[in-house]
Amino acid sequence: MRIVLLGAPGSGKGTQATLLRERLKLVHISTGDLLRQARTEGSALGLQAQAAMDRGELVSDDIVLGMLEHRLSQPDIGAGITFDGYPRNIAQADALHALLAKLKLPLQCAVLLDVPEATLLSRLADRAKKEGRVDDTPETIKNRLKVYHDQTEPVVGYYQNLGLVRKVRGEGTLEEIYARVAAAVIG
Ligand code: AP5
């Protein structure tokens, strides 16, 4: 099973992908985590990505696609995958479509976590206090939300045209939301 998790910053994509990994054994591929890891390791790619991440802008499609291709060449992906944070624009959606077609691993659904903006802001402010993620500052959060509306929301329409979107209410406890996500994924 291959699914894409869609939703604004703070909508719970990473949290729900973790539960899908633990419970349905889906490999969790987060481009945000891959970029943060590259950054921590100080690789050339990580350094290239750093400025865009700090501003809340998208990292270039070429960099992210290269990382994704590398991750998809690993032997564990046959068991099933949750894509978290990819695709983030139409070009990335096209690239993922082509890549998965080549691998003969088509997507089964795209789950949209629907969360009101006030809840997103409060979750990200809480995380800023607890974890100090560098892009959780008020100014960068504002830009991440703008980038989401401008560039990533059209991806929802892309998957709607393919009949793959399942919209899930992303408010409540982790377990309540997981139950909705699992129902959307398993049917
Ligand atoms: P990325 O890491 O993908 O960040 P994001 O999309 O902004 O998402 P977040 O991690 O903030 O939120 P989430 O939806 O995963 O929610 P989470 O579960 O963490 O990207 C970061 C940057 O990397 C981008 O800005 C860009 O620069 C770059 N990048 C990444 N992918 C890229 C791509 N494909 N192309 C180009 N650039 C790319 O939850 C958020 C918080 O809420 C947590 O503290 C969590 O504990 C809490 N929470 C979750 N659920 C609940 C709940 N039900 N109740 C209460 N709290 C909750």
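The values are calculated or read from the model by the stated rules, or taken from the named source; none is laboratory data. Model, not experiment: these values are computed from the prediction. Don't worry about glycine lacking a Cβ; one is built from the backbone with ideal geometry, like all the others, and counts go over all protein chains shown. The accessibility values were calculated without ligands, DNA or RNA, using every heavy atom of the protein model including side chains. Shrake-Rupley method; radii C 1.70, N 1.55, O 1.52, S 1.80 Å.
Do you know which residues across the range 159-187 are modelled with pLDDT of 95 or more, more than 8 Å from the ligand (Cβ to nearest atom), open to solvent by 40 Å² or more (accessible area, probe 1.4 Å) and part of a helix (DSSP H, G or I)?
160, 161, 175, 179, 180, 183
Of the conditions (1) under 30 Å from residue 76 (Cβ atoms); (2) touching a residue at least 60 places away in the same chain (Cβ under 8 Å); (3) under 18 Å from the mean Cα position of the chain (by Cα); (4) open to solvent by less than 40 Å² (accessible area, probe 1.4 Å), residue 127 satisfies every one except a single condition; which number is it?
(4)
Please state which one of 90, 81 is open to solvent by 60 Å² or more (accessible area, probe 1.4 Å), more than 8 Å from the ligand (Cβ to nearest atom) and among the β-branched types (Val, Ile, Thr).
Going through 90, 81 in turn, just one is open to solvent by 60 Å² or more (accessible area, probe 1.4 Å), more than 8 Å from the ligand (Cβ to nearest atom) and among the β-branched types (Val, Ile, Thr): 90.
Which residue, of 156, 115, 147, is away from the ligand (no atom under 12 Å from the Cβ) and open to solvent by less than 40 Å² (accessible area, probe 1.4 Å)?
None of the other options fit; the residue is 156.
Six or more apart or on different chains, Cβ under 7 Å: which pairs go from a residue in the range 139-158 that's aromatic (Phe, Trp, Tyr) to one that's assigned to a helix (DSSP H, G or I) and open to solvent by 20 Å² or more (accessible area, probe 1.4 Å)? Could you list them?
158/90
Being within 26 Å of residue 98 (Cβ to Cβ), assigned to a helix (DSSP H, G or I) and away from the ligand (no atom under 11 Å from the Cβ) is the filter here; which residues of the range 14-36 pass it?
Passing the criteria: 20, 21, 24.
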